[in-house]
Amino acid sequence: MTVLTLPAPAKLNRMLHITGRRGDGYHELQTLFQFLDHGDTLTFQLRPDSEVTLFPSLAGVADEDNLIVRAARLLQHHSQRPVGADIQLRKQLPMGGGLGGGSSDAATALLALDRLWELDLGLDRLAELGLQLGADVPVFVRGHAAWAEGIGERLVPVDLDTPWFVVVHPGIEVSTPRVFNAPQLTRDTPPISMARALQEGPEAWRNDCQSTVRELYPEVDDALNWLSGVAPTLLTGTGACVFCRLTNADEASSILSRVRSGWTAFMARGCNTSPLHQALGLF
Ligand code: C5P
């Protein structure tokens with residue numbers, strides 16, 4: 001096998017609660033991750049030399065800084081194997097959107113190259129390596145909807161309901177560090193139990209970044225106001241995307257047809273097993 005084409009799905013944070021801040025500035029949080037059947041697509045072609053190429057490059061991101069190339073370099077370094085890959089990226093997920101696009105691309109690269117380069121490192125090791133690339137990478141490596149604690153890396157697999165979602169992107173890029181460093185961010189509130197979060201009462205329908213993001217990014221505030229006029233709406237991650245949940249596809253497509261021009265939006269189904277792992281036959 002010398003070519004692999006694989007999905008890099010989006011995630012939603014169906015709730016996000018911040019419980020503290022570590023000495024290194026990272027935040028301790030509790031969150032429920034679920035995947036969507038919508039995302040980027042990556043194609044990996046084996047190279048006999050150790051070059052790693054990416055096409056197309058992302059605007060404003062040097063290839064060597066792209067998490068995809070960094071994932072490949074990390075695996076090369078870890079395995080000491082002098083092999084490479086040509087990687088093609090079909091980007092659908094917005095950058096700075098809160099859908100985990102960059103992290104998901106990185107996880108797809110780790111799993112794809114582990115297979116293409118016949119490293120057979122296993123998901124535990126790949127998740128550890130993924131954490132070096134970003135807090136959200138391990139859940140994409142594990143590939144199951146999860147309750148997460150720590151900075152997002154302590155994962156307990158959960159089975160959530162799998163509704164339709166409408167996701168609206170108000171056309172801007174949110175800076176995650178800007179949100180997490182904002183003085184007004186609510187921190188240090190008591191943890192909630194996983195059981196309560198899974199009951200999805202009002203306590204669980206929350207994202208502790210939301211009010212700060214509303215203040216810093218009026219475009220996100222606009223999108224939250226518009227979509228919550230239609231159905232209960234929440235920010236995912238630190239935004240910029242906002243989402244609502246629907247029980248069926250007809251309701252979702254009806255909302256989609258009314259989304260304000262200038263915004264982009266899509267509908268997708270929540271999944272408990274990642275489309276990446278389904279494609280690799282891992283579940
Ligand atoms: O890990 P990642 O590179 O995705 O995080 C981007 C930034 O978001 C970090 O540099 C940090 O400022 C912030 N962050 C945080 N707490 C988390 C996750 C991210 O403060 N749990």
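How far is the Cα center of segment 92-115 from the Cα center of segment 259-278, in Å? The two parts, judged by their Cα centres, are 14 Å apart. For segment 3-158, relative contact order (Cα pairs under 8 Å, six or more residues apart, normalised by length) works out to 27 percent. Here the scattering of segment 218-283 is modelled by Debye summation over its C-alpha atoms, one equal scatterer each and no solvent; at q = 0.23, 0.25 Å⁻¹ the log10 of I(q)/I(0) is -1.02, -1.12. Between Leu54 and Ile87, the built amide H atoms are under 5 Å apart, and every one of these is 5 or more places off in sequence or on another chain. Pair-distance distribution of segment 83-158: all C-alpha pairs, bin width 10 Å, starting at 0; shares per bin in whole percent are 19, 49, 28, 4. Using C-alpha pairs below 8 Å separated by at least 6 residues, the relative contact order for the chain is 25 percent. Across every pair of non-identical alpha carbons in segment 93-249, the mean reciprocal distance, once inverted, gives a Kirkwood radius of 17.0 Å. Using θ = phi - 60° in the Karplus curve 6.51 cos²θ - 1.76 cosθ + 1.60, the 3J(HN,Hα) couplings for segment 119-124 round to 8, 6, 6, x, 5, 4 Hz; x is entered for Gly and Pro. Candidates Leu234, Leu99, Leu133 compared by Cα position along the dipole of the chain: farthest toward the positive end lies Leu234, with charges placed on Cβ. Three semi-axes describe the equivalent ellipsoid of segment 3-158; taken as square roots of 5 times the Cα gyration tensor eigenvalues and ordered largest first, they are 26, 17, 14 Å. Remark: the chain carries a charge dipole of roughly 220 debye about the Cα centre, counting +1 on each Lys and Arg Cβ and -1 on each Asp and Glu Cβ. Three principal axis extents of segment 164-271 based on alpha-carbon atoms, in descending order, are 40, 33, 23 Å. Reported value for the chain: 127 Å³ per residue, from the convex hull of its C-alpha atoms. Would you work out which of Pro190, Leu54, Leu119 lies farthest towards the positive end of the dipole of the chain, given +1 charges on the beta-carbon of Lys and Arg and -1 on that of Asp and Glu, about the Cα centre? Positive-end residue among those listed: Pro190.
Computed from the coordinates by the stated procedures, all read-outs in this text should not be read as laboratory data. Please read these numbers as outputs of a predicted model, since none were measured by experiment. Every residue, glycine among them, receives a Cβ derived from its backbone with ideal geometry; neighbour counts consider all protein chains shown.
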